[in-house]
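Values in this text are rule-based calculations from the coordinates and carry no lab data. Because the structure is a prediction, the values reported are computed rather than measured. In this analysis, Cβ positions are derived from the backbone assuming ideal geometry, glycine residues included, and neighbour counts consider all displayed protein chains.
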Amino acid sequence: MIGSKDDNFKKELKELIIEECDKDIEASDINDDDILFSEECALELDSMDALQISMALQKEYGIEANDSKKLRKIMVSINTLADYIQPE
């Protein structure tokens, strides 16, 4: 199943981000199409959070994204991240 259609997988990603970035919010506070690195997103992520997330993705899913441009394309929203990790 494509990642953006898998609600359980998206919840798992949200929880991973919350835990890795030490945020005090619930997964349900994050909309699947929120732009993760914007002021409007409940996560309030910054560049250090991006590094934490990329390391967690590598550890958990074997995703290597050392290129910052590639990371920006992958981590636009929960949906884009889910589709990248789980394309089918």
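List residues of region 1-17, by number, whose backbone nitrogen lies under 18 Å from a label position 7 Å along Cα→C-beta of Asp29. Flagged as within label range: 11-17.
Compute the relative contact order of the chain as a whole-number percentage, counting only Cα pairs closer than 8 Å that sit 6 or more residues apart in sequence. Relative CO of the chain lands at 42 percent.
When the convex hull of its Cα atoms is viewed from all sides, region 3-85 shows a mean projected area of 4.6 nm². The length gained by stretching the chain between Asp67 and Asn8 to full extension, at 0.36 nm per residue less their Cα-Cα distance, is 18.5 nm. The sum of -39500 (n - 2.57) across all DSSP H runs of n ≥ 4, divided by the residue count of the chain, sets its helix-only mean residue ellipticity at 222 nm to -15000 deg cm²/dmol.
Projecting the Cα positions of Leu45, Ile35, Leu57 onto the charge dipole of region 3-85 (unit charges on Cβ atoms of Lys, Arg, Asp and Glu, taken about the Cα centre) puts Leu57 furthest along the positive direction.
Sort out for me the Cα centre separation of region 1-33 from region 48-82, rounded to whole Å. Centre-to-centre (Cα) distance: 13 Å. For region 58-88, backbone nitrogen atoms closer than 15 Å to the point 7 Å from Met1 Cα along Cα-to-C-beta are found at 79, 82-83, 86-88.
Dipole magnitude for the chain: about 460 debye, using +1 per Lys or Arg Cβ and -1 per Asp or Glu Cβ, origin at the Cα centre.
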